[in-house]
Amino acid sequence: QDMNSWYNPALKTNRDMQLHVNLRNVNYQGMAAYTSGAATVDLPLFGSAKKEDHGGFMNLTAGVDYDKSNGGIMNVTTGLVAISYAQPLNNHNTYLSVGFQGAYTSSKISLNGGNLFPDQFDKYGPIGSATTADPLQSGNTYGYFNAGAGISVFQNSANRQWYIGGSVRHLNQPFTERTHSTTFRLPMNYGFQAGYTATLKDQGSIGAYGIFTWQAGAYEHLI
């Protein structure tokens, strides 16, 4: 919820400068392990001087995340830049926001420690002038650019805050390895986001949030 700009660049619903950091370490009884980290910073570009102002405002978001598995099998790092603009729809702090994002991912997969694959050998040893059929380019680093866009409607008032948004990521459907095989081309990722928070007699608040994602027949729903 705190880092939903990854899902939809239009979900910056306030005028504040913000920093979010998440770290995760997972270990399955020594069989597999990975660490993940992500950080985003939101920088208001204009329209942030007076928070009671009902005018539009623009925001710039920069982020970075990484995933690293044990044994150096997988190393993936992504840098993200997004920009959004929120336009007021009325005098009750209801806004329409649109956003665009660009990301660059660097990926390295090192199977077998990054050594040559068995298809370059026979029982007599290395095969001369052999080309590996390894589509993942084991041991090599490959980078690709990703584009996305989003839209949202939100309201921030003293008693409640809510938002509804939709997004599309991988608009350019980038290839994720050097051979440009369609097998390893990212299909578009479609998302829907919603949230609602209400104040409880100035003593607290209660809220519910949902992020729903669909991509190539797979889906993830977080509530």
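Just so it is clear, none of the values below were taken in a lab; they were calculated from the coordinates. Computed from a prediction, not measured in an experiment: that's the story for all the values here. Please note: Cβ atoms are built from the backbone with ideal geometry, for glycine as well, and neighbour counts cover all protein chains shown.
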Estimated vicinal HN-Hα couplings, Hz - the stretch 68-79 in sequence order (Karplus 6.51, -1.76, 1.60; Gly, Pro = x): 9, 9, 5, x, x, 5, 10, 9, 10, 10, 10, x
Difference of contour (0.36 nm per residue) and Cα-Cα distance, Tyr34 to Asn75: 13.8 nm
Ranked by how many other beta carbons lie within 10 Å on average, peptides 58-66, 214-222, 83-91, 1-9 from highest: 1-9, 58-66, 83-91, 214-222
